[in-house]
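J.: I'd like to ask you about the structure that follows.
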Amino acid sequence: MKEKSFIELLAEETPELHKAFFGLADNIKNNGGLDEKTFQLVYIGIKASANQTGSVAAHAGYAKKAGATRDEVRGAVLISLMTNGVDGIASCLAAALDGYDNA
């Protein structure tokens, strides 16, 4: 049996918090001055710096749907080398490319 994701569990256990969280996320996206592709690439770089493979994989797919190339997604992860050393690349590069390829 597949383990539930954080998002699935949040929606199931606390639907109002889920709604509020995504309302905040949408507000940030809509008022941040970035187009969808740029937003997703920045988000991937931030999450790679935090070694969050699940988020990186998911947002690589969103970036692809927003028009990002595989090279751009890879580059967003590689930027984490400057902020987090090799940890972000070691934990997230494969996740990003898999997320992109499977989107």
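The values are calculated or read from the model by the stated rules, or taken from the named source; none is laboratory data. Owing to the predicted nature of the structure, the values given are computational and were not obtained by experimental measurement. Glycine gets a Cβ as well: all are built from the backbone with ideal geometry, and neighbour counts include every protein chain shown.
J.: How about the range 1-32: which of its residues are small (Gly, Ala, Ser) and at pLDDT below 95?
T.: Across the range 1-32, the qualifying residues are Ser5, Ala25, Gly32.
J.: Test Lys19 against the criterion of being more than 26 Å from Ala90 (Cβ to Cβ) and part of a helix (DSSP H, G or I), and give yes or no.
T.: For Lys19, the condition - more than 26 Å from Ala90 (Cβ to Cβ) and part of a helix (DSSP H, G or I) - is met.
J.: Okay, next question. Of the numbered conditions (1) assigned to a helix (DSSP H, G or I); (2) loosely packed, with under 15 Cβ neighbours inside 10 Å; (3) acidic (Asp, Glu), Asp98 fails exactly one; give the number of that condition.
T.: (2)
J.: Now, a different point. Do you know which residues across the range 29-49 are part of a helix (DSSP H, G or I) and loosely packed, with under 11 Cβ neighbours inside 10 Å?
T.: Scanning the range 29-49 gives Asn30, Asn31.
J.: Residue by residue through the range 57-95, note down the ones that are in a helix (DSSP H, G or I) and among the hydroxyl-bearing types (Ser, Thr, Tyr).
T.: Within the range 57-95, Tyr62, Ser80, Thr83, Ser91 meet the criteria.
J.: Would you pick out the residues in the range 63-85 that are in contact (Cβ under 8 Å) with a residue 24 or more places away in the chain, surrounded by fewer than 20 Cβ atoms within 10 Å (Cβ to Cβ) and of a type in the set (Ser, Thr, Tyr)?
T.: Within the range 63-85, Thr83 is the sole residue that qualifies.
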